[in-house]
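Novice: I have a structure here, written as structure tokens, and I will follow up with some questions on it.
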Amino acid sequence: MAAWGLAGVFLAADFFACNYPAAESRFGWKDLKDAAVTAGGNAIYEEEEKEEKYIALTFDDGPHKVYTPKLLEGLKERGVHVTFFLIGQNIDGNEDIIREMKEDGHLIGNHSQNHMQLTKERTKEACDQINRTNEKIESITGETPAYVRPPFGSWSEELEGMVSMRVVLWSVDPLDWKTQNKNRIVRHIVNHVEDGSIILLHDVYDTSVEAALEVIDTLSAEGYNFVTVDELLID
């Protein structure tokens, strides 16, 4: 059984299919603005092309009782939507936070029940890790998640054939869980981001939440649009 341990690499895997450059579906969207120039009584129309830049902030391992609500408040103030990949065992007791995620328009995905490396488990147990978390999320939001991020980015062809969900990894990883330094997290993201980036963060650290909000302010000023991963992966 071939295992995919692709930390730091973006992967979008459809049921029985692997489609790495899916984010390209957003590339090339342009806003056209007509400029009317009058010369000698004749109107000449010129089109100026402006290419939009789309990126997705994603948060793993939550919800956290303190830091996730802080993040949600900051996102609401900025009008930004993100993607959360939830740990099943962290859902219990935090159901209201998940309802707020849903009400605010964020995308909710699956990050397994206990943050186990799924490729090291028997297939049945690995699938159970995903199914249990899906059931918890559905019981709160009324919707079954369509996206899964396997812990450690560890996936396999066997799991791909068993799990009818789309797998999402990442392309920018500031190692926020390791550094827990806001400035270093912000600097790494700003220096490595590009159109179509999927940024990995964790909403269980205050430094990560603070960094995420600063990144939004900084990159919004540079013309980046923040979207959920399903918007990046439109076929």
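Novice: Classify the range 152-210 as rounded, prolate or oblate, taking a ≥ b ≥ c as the square roots of the eigenvalues of its Cα gyration tensor: rounded when a/c is under 1.5, otherwise prolate if a/b is larger than b/c and oblate if not.
Specialist: prolate
Novice: Under a crude label model (7 Å from the Cα following the beta-carbon direction), how far is PHE152 from ASN114 in nanometres?
Specialist: Going by the 7 Å Cα→Cβ label model, 1.5 nm.
Novice: Further, regarding this structure: For HIS115, HIS202, what's the fewest-to-most ordering of other Cβ within 10 Å of each Cβ?
Specialist: Numbers: HIS115 17, HIS202 20.
Lowest to highest Cβ neighbour count: HIS115, HIS202.
Novice: Which order do the peptides 123-136, 206-219 come out in when sorted by mean C-beta neighbours inside 10 angstrom, highest first?
Specialist: Final packing ranking: 206-219, 123-136.
Every read-out reported here was derived from the displayed coordinates using simple, explicitly stated rules and does not represent laboratory data. The shown structure was predicted, so the numbers you read here are calculated from the model rather than taken from an experiment. Cβ coordinates were reconstructed from backbone atoms using ideal geometry, including for glycine residues, and neighbour counts include every protein chain displayed.
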